[in-house]
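Down below is the structure, laid out as structure tokens.
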Amino acid sequence: MATRNGSARWTGDLATGSGQVTVGQSAWTGNYSFASRFEDAAGTNPEELIAAAHAGCYSMALCHTLTEAGHTPRSIKTSARSYLRMVDGAPTINQIDLETEADAPGLDEGRLRELAEIAKATCAVSRALQGVEKITVTSATLASPQDTAA
């Protein structure tokens, strides 16, 4: 299996300093700061990067799970929200909500909910984030009625 890389550089003090995070070998670089992390300033933050990574990994895990169950998807869209809260006096990601939509022939809402939970359990990022107190998944199918009649 491959090893993946990311890096960050921070300059200055915590409150007024700033930094840049880089994904991979300069595939993407973004600015971050105290204000972009703990307030609503422009820039990114580690929690957004975790949310994006989780959404990407989860979409791939759900694709695999659906395909194995005989519902090869035409598309999957997942959004993730990570919640940064103070826990025992330390900033902590205590919850991540995944919202996913799948367009897959023959897939009904109930079966998607079952398979969505399986995908959450097998997603590498979900597994890496096992210290997060609560990870939820809500799902919806995008299939047309004739697709689910099978």
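Annotations for the structure displayed:
- Rounded to the nearest whole Hz, the Karplus-based 3J(HN,Hα) values (6.51 cos²θ - 1.76 cosθ + 1.60, θ = phi - 60°) of the range 57-74 follow the sequence 5, 4, 4, 5, 5, 5, 4, 5, 5, 5, 4, 4, 8, x, 10, 4, x, 7, with x at glycine and proline.
- The range 38-150 - accessible surface per residue (Å², probe 1.4 Å): 55 Å²
- Expressed as a whole percent, the accessible surface of the chain that belongs to carbon and sulfur atoms is 52, based on a 1.4 Å probe.
- Over all Cα atoms in the range 2-63, the spread is summed up by Rg and Dmax: 13.3, 43 Å.
- In order along the range 128-134, the phi-based Karplus estimate (6.51 cos²θ - 1.76 cosθ + 1.60, θ = phi - 60°) of 3J(HN,Hα) comes to 5, 9, 4, x, 6, 4, 9 Hz; Gly and Pro are listed as x.
- Summary value for the chain: 18 percent relative contact order, contacts being C-alpha pairs under 8 angstrom separated by 6+ residues.
- Cα gyration tensor shape for the chain, rounded if a/c is under 1.5, else prolate or oblate: prolate
- For the range 96-113, putting each phi into the Karplus relation 6.51 cos²θ - 1.76 cosθ + 1.60 with θ = phi - 60° gives couplings of 9, 10, 9, 10, 10, 10, 10, 10, 9, x, x, 9, 9, 4, x, 5, 4, 4 Hz, in residue order, rounded to whole numbers and with x for Gly and Pro.
The values are calculated or read from the model by the stated rules, or taken from the named source; none is laboratory data. Keep in mind that what you see is a predicted model, and the values were worked out from it rather than measured. With ligands, DNA and RNA removed, areas are computed over all heavy atoms of the protein, side chains included. Shrake-Rupley method; radii C 1.70, N 1.55, O 1.52, S 1.80 Å.
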